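The values are calculated or read from the model by the stated rules, or taken from the named source; none is laboratory data. Everything numeric in this text was worked out from a predicted model, so none of it was measured. Cβ placement follows ideal geometry from the backbone for every residue including glycine, while neighbour counts extend to all protein chains displayed.
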Amino acid sequence: MLNIQRMVLGPVQTNAYLVHDSASQTTVAIDPAWDGEQIVKVARQKGWEISQIWLTHAHFDHLGGVAGILKSVSPSPAVALHAADFPLWRVQGGAQLFGFQLEAMPEPNLPLQHGQVLKIGEYEVEVRHAPGHTPGHVVFYFPQAEVCFCGDVIFEAGIGRTDLPGGDFETLMNSIREQILTLPDQTRLLSGHGNETTVAQERQHNPWLQW
């Protein structure tokens with residue numbers, strides 16, 4: 001069984017997720033936004049131990065908790081990120097532009113690419129490259145569980161911003177068309193901010209897609 005724990009953390013209320021497969025006792029942190037020690041505490045209260053960290057992209061509000069997890073878990077979890085976002089990682093995801101300073105961290109050691117298949121226990125996870133918000137943005141699609149962790153590509157009735165360095169509106173819209181709207185309608189979309197939604201709901205009601 002796949003268990004998902006959402007936490008809303010950090011200065012811009014980012015959704016961080018713990019994903020746990022009860023059969024294999026495997027736990028992954030997706031976009032540990034802030035307060036890494038608190039994320040580890042929540043995991044351990046449930047009897048879960050984080051083995052990997054998966055990042056949809058390298059903005060500071062999605063990786064602010066990585067250092068805390070790396071310090072709190074031994075052996076240190078692998079950190080997964082698309083190589084096109086490594087330059088953004090190296091400048092702390094733009095944290096200083098917003099008045100924040102993050103702890104220094106080693107570079108991610110699990111480079112992601114489009115079409116790659118990850119696993120949480122017996123659950124296969126498809127990595128889909130979906131640039132536009134950042135050059136290396138990816139989404140994590142769990143076909144067996146009918147859920148997609150879509151970061152800041154699409155939100156309930158919204159889309160990711162494209163006015164930050166590396167953003168591009170047309171690229172983002174193309175990613176939504178090719179990597180989100182091609183998923184089954186019932187697929188749950190767990191975004192980086194705000195409420196859960198579905199592919200069908202956004203196809204029908206998202207004002208950015210009504211053209």
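Counting the residues of the range 90-131 that are touching a Leu at 6+ places or on another chain (Cβ under 6 Å) and within 23 Å of Gly10 (Cα to Cα) gives 4. The condition of being among the hydrophobic types (A, V, I, L, M, F, W, C), touching a residue at least 24 places away in the same chain (Cβ under 8 Å), surrounded by 17 or more Cβ atoms within 10 Å (Cβ to Cβ) and touching an Asp or Glu at 6+ places or on another chain (Cβ under 8 Å) holds for only one of Leu190, Leu172, Leu183, that being Leu190. Phe149 falls short on exactly one of the conditions (1) part of a loop (DSSP other than H, G, I, E, B); (2) in contact (Cβ under 8 Å) with a residue 60 or more places away in the chain, and that condition is (1).
Restricting the first member to the range 22-48 and to residues that are under 13 Å from Ala67 (Cα atoms), and the second to residues that are surrounded by 15 or more Cβ atoms within 10 Å (Cβ to Cβ) and of a type in the set (Phe, Trp, Tyr), the beta-carbon pairs closer than 7 Å and six or more apart or on different chains are Asp31/Tyr17. Condition check for Gln204 on (1) under 15 Å from the mean Cα position of the chain (by Cα); (2) without any contact (Cβ under 8 Å) to a residue 24 or more places away in the chain: one failure, at (1). Of all the listed residues (Ile4, Ile39, Ile30), the sole one being over 14 Å from Leu55 (Cβ atoms) and among the aliphatic types (A, V, I, L, M) is Ile4. Evaluate the following for Gly136: is it buried (at least 23 other Cβ atoms within 10 Å of the Cβ), closer than 19 Å to Arg6 by Cα and among the small types (Gly, Ala, Ser)? No. Scanning the range 69-107 for residues that are buried (at least 16 other Cβ atoms within 10 Å of the Cβ) and among the small types (Gly, Ala, Ser), we see that the one that is modelled with the lowest pLDDT is Ala95. If you go through the range 171-201 and keep only what is touching a strand residue (DSSP E or B) at 6+ places or on another chain (Cβ under 6 Å) and in a helix (DSSP H, G or I), you end up with Ile176, Gln179, Ile180.
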